[in-house]
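All of the numbers you see were taken from the coordinates with simple rules; none came from a lab. As the structure is a prediction and not an experimental result, all values here were calculated from the model. Ideal geometry is used to build each Cβ from the backbone, glycine not excepted, and the neighbour counts take in all protein chains shown.
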Amino acid sequence: MDDPSFGQAMTGDAEHVVLLDESWNAVGSIPKVRAHHRSTPLHLAFTAYVFDEAGRLLLTRRALSKRTWPGVWTNSLCGHPAPGESLVDAVRRRLRAELGTTAERIEPVLGAVRYRATMGNGIVENEVGPAVRVLQAAPLAPNPDEVDRVRWAPWEAVLAEVDHQRLELSPWSAITIERLRRLGPHPREWPVVGVRDLPPPLRCRD
């Protein structure tokens with residue numbers, strides 16, 4: 001964590017995202033508030049799937065004030081590792097900020113998911129990053145600036161809703177869930193990927 005922008009990247013409007021080239025190497029950073037627009041540059045992210053002790057998945061509905069896909073149901077949470085920040089630290093930070101909770105375990109199960117999607121107003125998401133399985137360790141206290149609503153559902157029920165088009169998801173969540181489906185029917189048994197499968201800025205940092 002020796003990047004000079006790391007301290008700035010953790011607070012308010014100064015939060016930074018890591019810019020990537022097409023080989024997913026870091027090529028700089030910009031403030032998060034300037035990252036998403038009609039020509040969003042490729043940047044580093046993660047997608048987290050939080051499970052409780054009963055094996056249920058936490059789904060969240062994005063706050064109506066969100067710049068991208070407001071009011072849309074999605075996976076448990078997403079985020080952007082700051083320059084020099086490890087994947088585990090980034091996930092823990094966003095768990096606190098979005099859901100007011102902590103994790104017993106944080107494990108990457110997909111090394112990198114690449115997606116690009118455009119909203120009706122032209123704003124683009126353009127990200128690559130791991131999908132992470134999280135075992136919840138504390139009760140939820142969702143931040144209303146981030147999360148409008150939450151619900152827990154068994155993994156198989158979520159897949160059934162997706163298959164029957166009863167659940168409209170954010171584009172990154174829809175893509176990632178299809179990748180996770182291939183890992184098997186039991187989320188606790190999904191294999192953990194190694195650091196070499198992660199995008200280069202996240203390797204050997206945990």
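Structure above, values below:
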item: Extension gain (nm, one decimal) between residue 52 and residue 150, 0.36 nm per residue minus Cα-Cα; result: 34.0 nm
item: Within the chain, helix-based [θ] at 222 nm, where runs of 4 or more DSSP H residues each add -39,500 (n - 2.57), nearest 500; result: -4000 deg cm²/dmol
item: Separation in nanometres of the label points that stand 7 Å from Cα toward Cβ, at residue 168 and residue 137; result: 3.8 nm
item: Spin-label proximity, residue 178 to the stretch 133-155 - amide N less than 11 Å from point 7 Å beyond Cα toward beta carbon; result: none
item: Near-label residues of the stretch 120-161 by backbone N, under 19 Å of a point 7 Å along Cα→Cβ of residue 188; result: 132-139, 152-159
item: For the chain, alpha-carbon Rg over 2.2 N^0.38 Å; result: 0.95
item: Calculated FRET value between residue 22 and residue 67, using beta carbons and R₀ = 30 Å, to 0.05; result: 0.75
item: Full-stretch length increase - residue 121, residue 86 - with 0.36 nm per residue and alpha-carbon distance subtracted; result: 9.3 nm
item: Global form of the stretch 18-74, assessed from the alpha-carbon gyration tensor, a/c cut-off 1.5; result: oblate
